[in-house]
Amino acid sequence: MTGIHSSPENTNDGGESDASVIAEEDLLRANCYGLLSSLLLAPPGGALLDTLNDLNGDDSPFGAAMTALGDLARSTKAEDVEDEFTRLFYGHGAGGELHPYASFYLTGFVYDKPLALLRNDLIALGLAKSDVTSEPEDHIAFLMNVMHDLIVGAHGAPMDLGVQKAFYDKHLAPWARAFFENLETAENAMFFRPVGVIGKMLMDIENQAFSIAA
């Protein structure tokens, strides 16, 4: 799905999951996680922007953010999105406006203890980062994709809600909403502003759903 993704170290069957056995609401959750992962890994190219052209939501706040993203995909050139991504996350010689890493949000440093704890949990789940990126595993795009893969069972059977909740509570709940809120209000964000809104609302939905399931 993206260049930074969970890949199996050990799987039971190595096959893709059967989407027919996954509840519709879980597929919607997984699709949202997958979309955020694709948008936040690297500057969305023309193919992804073309896919987003047809994105239209309902009249809810979440749907309005989806519609806004589709509108921006139709009206924004790929090179302008790339420049915005660079200013947000890389910067032009002085670092980007935002740092999309759990370690940075939780400790103020990158490659810190939250990353080490995450790597231990990924090993326990039989997951590992692909070799096509130098980004650490606590990058927001990687974590979004792990949640996607846990829900749909990208490397075997879908993980039950307890496993999803444990991973979310430990590695996303403490910081991801704050990141998306910062993305929504970032000085350099235009195309990525509704991405921040979508991510923030997804975290709110997940927080509520997991609290009910506890």
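Condition check ((1) more than 25 Å from residue 26 (Cα to Cα); (2) touching a Gly at 6+ places or on another chain (Cβ under 6 Å); (3) polar (S, T, N, Q)) across all residues:
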site: 83; (1), (2), (3): yes, no, no
site: 98; (1), (2), (3): yes, no, no
site: 102; (1), (2), (3): no, no, no
site: 134; (1), (2), (3): yes, no, yes
site: 149; (1), (2), (3): no, no, no
site: 152; (1), (2), (3): no, no, no
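Filtering the range 182-197 for residues that are at negative phi, among the polar types (S, T, N, Q) and in a helix (DSSP H, G or I) leaves a non-empty set.
Whether any residue in the range 99-109 is of a type in the set (S, T, N, Q) and more than 22 Å from residue 184 (Cβ to Cβ) is what I want to check. Yes, the range 99-109 has at least one match. Please determine whether any residue of the range 93-113 is of a type in the set (Asp, Glu) and part of a helix (DSSP H, G or I). No; the residues of the range 93-113 include none that is of a type in the set (Asp, Glu) and part of a helix (DSSP H, G or I). Residues that are among the hydroxyl-bearing types (Ser, Thr, Tyr) and on the phi > 0 side of the Ramachandran plot within the range 111-150 comprise just one, 111. Restricting the first member to the range 164-181 and to residues that are surrounded by 19 or more Cβ atoms within 10 Å (Cβ to Cβ), and the second to residues that are of a type in the set (S, T, N, Q) and not in a loop (DSSP other than H, G, I, E, B), the beta-carbon pairs closer than 9 Å and six or more apart or on different chains are 168/207. For the range 131-147, does any single residue satisfy the condition of being of a type in the set (Ser, Thr, Tyr), part of a helix (DSSP H, G or I) and either in contact with an Asp or Glu (Cβ under 9 Å, 6 or more places away or on another chain) or surrounded by fewer than 20 Cβ atoms within 10 Å (Cβ to Cβ) (or both)? No, there is no match, as no residue in the range 131-147 is of a type in the set (Ser, Thr, Tyr), part of a helix (DSSP H, G or I) and either in contact with an Asp or Glu (Cβ under 9 Å, 6 or more places away or on another chain) or surrounded by fewer than 20 Cβ atoms within 10 Å (Cβ to Cβ) (or both).
With the structure loaded, tell me whether residue 154 is out of contact with any Cys (no Cβ under 9 Å at 6 or more places or on another chain) and either touching a residue at least 60 places away in the same chain (Cβ under 8 Å) or of a type in the set (Lys, Arg) (or both) or whether it fails that test. So residue 154 passes the test. Checked against the criteria, residue 102 does not count as loosely packed, with under 15 Cβ neighbours inside 10 Å and of a type in the set (A, V, I, L, M, F, W, C).
Among the residues of the range 182-214, write down those that are loosely packed, with under 15 Cβ neighbours inside 10 Å and under 19 Å from residue 87 (Cα atoms). Within the range 182-214, 185, 187, 190 qualify.
Computed from the coordinates by the stated procedures, all read-outs in this text should not be read as laboratory data. In this text, all values refer to a predicted model and were calculated from it rather than measured experimentally. Glycine gets a Cβ as well: all are built from the backbone with ideal geometry, and neighbour counts include every protein chain shown.
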